[in-house]
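The values are calculated or read from the model by the stated rules, or taken from the named source; none is laboratory data. Nothing here was measured: the structure is a model prediction, and the numbers come from that model. Cβ coordinates were reconstructed from backbone atoms using ideal geometry, including for glycine residues, and neighbour counts include every protein chain displayed.
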Amino acid sequence: KSTAVRNIDGSINNINEDDEEDVVDLAANSLLNKLIHQSLVESSHRVEVLQKDPSSPLYSVKTFEELRLKEELLKGIYAMGFNRPSKIQEMALPMMLAHPPQNLIAQSQSGTGKTAAFVLAMLSRVNALELFPQCLCLAPTYELALQTGRVVEQMGKFCVDVQVMYAIRGNRNVMIDTQGFSDHSIRIQRALPSECQMLLFSATFEDSVWHFAERIIPDPNVIKLRKEELTLNNIRQYYVLCEHRKDKYQALCNIYGSITIGQAIIFCQTRRNAKWLTVEMIQDGHQVSLLSGELTVEQRASIIQRFRDGKEKVLITTNVCARGIDVKQVTIVVNFDLPVKQGEEPDYETYLHRIGRTGRFGKKGLAFNMIEVDELPSLMKIQDHFNSSIKQLNAEDMDEIE
Ligand code: ADP
């Protein structure tokens, strides 16, 4: 079975969906992150800036007042509860508001204040006395367009003469479908006057995004805020050798019996396994929720929110949740199946995303790998790859857990 997966720039990858493995859809992840990040994500890195004209002075702002915004816009910003610009906004806002207007490509992880930054830039450029459309915002999906529109309406609450229109599914205007997002964007860009200011914001750092950005944004300034690195340093890793699935489940129960667990995330490679495990655990009286790819993004967000609020102690999931979703109070991660790529090669990146934590939130964590004999070589490769030790535990005797 083969599934088409859409990248954020609209291009399509065909991925073999072996036994309902969940694959990561960047646009869906981006929306999911929007829905679950209710506050700013901090970063310990410095913002990197590449100026189109390196000799021009570089401004950054520490307050919104310094930007000399329209009174009603400043009011909107404060009404949203923002006190000062986020790290990326400190650099991006003066660039975006400069005269003459400059183009910008900015990349930083989800939750760092990109949307708020470009919405502010759009609202500050609009002249309500001019009766024609002045800002055009293109989003890769319907839901992201709606989310962004909401921010415009919120921040522009006091800009009473500014109106937002949605050219999306259900509206009769030009529809921008996601399939040809990249082509559409380029066609639209060609139809715009050359003095039009172009801004592109993205959370992902893939090559495809860069190629797209460089095609569509002429002479850009570039701003990047590096992601927090994930590390396995604070994680004690174990494995339990099991004969089959039921055995893995028994080992899991033994772990449960022997240590006090705050909250745990359990990763399965397929939806089928995840479902099976969920049913088993519920039958044994555990409070468990299941997060897998057949759910809508809104449903996923609400499951993650419930889990964050501690309503369930255990979250069982497939790879949909492997990256980007940090639930800081989770102390235990279980790989019910090892992450593997096609051809049984271990998937190192996914392993790191499932188990690793950012150094700054380096609370100690425990990771358990439930493996069958044929997975042992993969596990050893993972151990070598990360140059870390994964200790064997005896399934009947969990006293060795430190
Ligand atoms: P991104 O587009 O990078 O994902 P957002 O602009 O959506 O980030 O911001 C993430 C969260 O932080 C949102 O809830 C937003 O309201 C909030 N936020 C953005 N900028 C600020 C700021 N300067 N101060 C406080 N909160 C902010």
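Remarks
- Annotation: of all residues in region 38-54 being small (G, A, S) and surrounded by 10 or more Cβ atoms within 10 Å (Cβ to Cβ), the one that is nearest to the ligand (Cβ to nearest atom) is S43.
- Residue check, L131 aliphatic (A, V, I, L, M) and out of contact with any helix residue (DSSP H, G or I) (no Cβ under 9 Å at 6 or more places or on another chain): yes
- Counting only strands (runs of 3 or more DSSP E) that sit wholly inside region 254-370, those with at least 1 residues that are at pLDDT 85 or above, farther than 24 Å from E229 by Cα and touching a Cys at 6+ places or on another chain (Cβ under 6 Å) are 288-291.
- Those residues of region 364-382 which are among the charged types (D, E, K, R) and exposed (fewer than 12 other Cβ atoms within 10 Å of the Cβ), in sequence order: K364, D374
- Residues located in region 185-210, provided they are free of Cβ contacts under 8 Å to residues at least 12 places away in the same chain and surrounded by 13 or more Cβ atoms within 10 Å (Cβ to Cβ): C196, W210
- All conditions but one from (1) more than 16 Å from the ligand (Cβ to nearest atom); (2) in a loop (DSSP other than H, G, I, E, B); (3) in contact with a helix residue (DSSP H, G or I) (Cβ under 6 Å, 6 or more places away or on another chain) apply to F212; the one that does not is (2).
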